[in-house]
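One structure below.
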């Protein structure tokens, strides 16, 4: 099992060398800057409808590099506003647009509302986990073969008793969304948001995962719910004891962007890094495009990791972030907006 885990880390590191941009291997213990600048690709992934799926958007991406291929999972929003999930793989980002998209409602994951996936390899069990929301709970499926979408198991719920009481007490008219898993050496943690200004964290032991999540606590709150909206990511920086937290916000102009914090532990105090509209982690104001910007929103996404396992380790040298963006001219109900996927590459790395 240790050999498998090491192989995943090696493949993840190789991905950053042969993907859309290369990151030097000398980034060990490199500190993050206090402000960021990025360049964006054009649209890399658009939805593909078929005879049984009329798709308006592809969004909420999760991505790993394994077996010489990028594996991307995402939500799909139908033209009628319903949600499902999709999977595709390719060897290079230049192939993303032409990759076959497999709709996961045709697998044991099944039909019905499923969205906002997160994928990772849980090394202690030798299993891939796909974590997602079902509207009333956090759910997961597993497989031993990430390349075979039909091999995912039927959904199981993380919270046997449903929504924890502390979330019920604080969610107001919001929604319980965007579940995010990360593990340390002893415990695993499950983060979530409520679209009402609260970020939550539950925990269980590494040995008991995926069972036993409890001790749900409010990690962070904001009286302006739009500043702490949803789509949280937590990562460990390679060769350090530093963790990075990202949370999507809605700016004063109505556009999506990301704020960031760091901590010396997953359960520690989060210190602001780049967390404002004037100094964001990623916002249209600190992203450059080749030609006319295809989006003014930098929304729900995931870092390209330096491995595949449950520690969610990233290399802090020249970060890359797969995100959802939106044609600035688009309008209409949120659930049918035409989101597309693009890739940010950090341009102000110190290494």
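The values are calculated or read from the model by the stated rules, or taken from the named source; none is laboratory data. Because the structure is a prediction, the values reported are computed rather than measured. Here the Cβ is made from the backbone with ideal geometry for all residues, glycine too, and neighbour counts use every protein chain on show.
Some points to look at:
- Some residue of the stretch 328-345 being in contact with a helix residue (DSSP H, G or I) (Cβ under 7 Å, 6 or more places away or on another chain) and either touching a residue at least 60 places away in the same chain (Cβ under 8 Å) or in a strand (DSSP E or B) (or both): yes
- Any hit, the stretch 241-259, residues being surrounded by 15 or more Cβ atoms within 10 Å (Cβ to Cβ), at pLDDT 95 or above, more than 19 Å from the chain's Cα centre (by Cα) and over 30 Å from residue 293 (Cα atoms): no
- For the stretch 61-73, the criterion of being surrounded by 21 or more Cβ atoms within 10 Å (Cβ to Cβ) and either more than 17 Å from the chain's Cα centre (by Cα) or over 30 Å from residue 126 (Cβ atoms) (or both) is satisfied by no residue at all.
- Figure legend. Inter-residue proximity from the stretch 50-61: first residues farther than 16 Å from residue 334 by Cβ, second residues outside any strand (DSSP E or B), beta-carbon distance below 6 Å, spacing 6+ or different chains. Indicated pairs: 54/79.
- So residue 279, is it in a loop (DSSP other than H, G, I, E, B), touching a residue at least 60 places away in the same chain (Cβ under 8 Å) and farther than 27 Å from residue 202 by Cβ: yes
- Residues in the stretch 240-252 that are without any contact (Cβ under 8 Å) to a residue 40 or more places away in the chain and touching a helix residue (DSSP H, G or I) at 6+ places or on another chain (Cβ under 9 Å): 249, 250, 251, 252.
- Strands (runs of 3 or more DSSP E) enclosed by the stretch 168-232 - at least 3 residues per element that are surrounded by 20 or more Cβ atoms within 10 Å (Cβ to Cβ) and touching a strand residue (DSSP E or B) at 6+ places or on another chain (Cβ under 8 Å): 177-183, 187-193, 198-205
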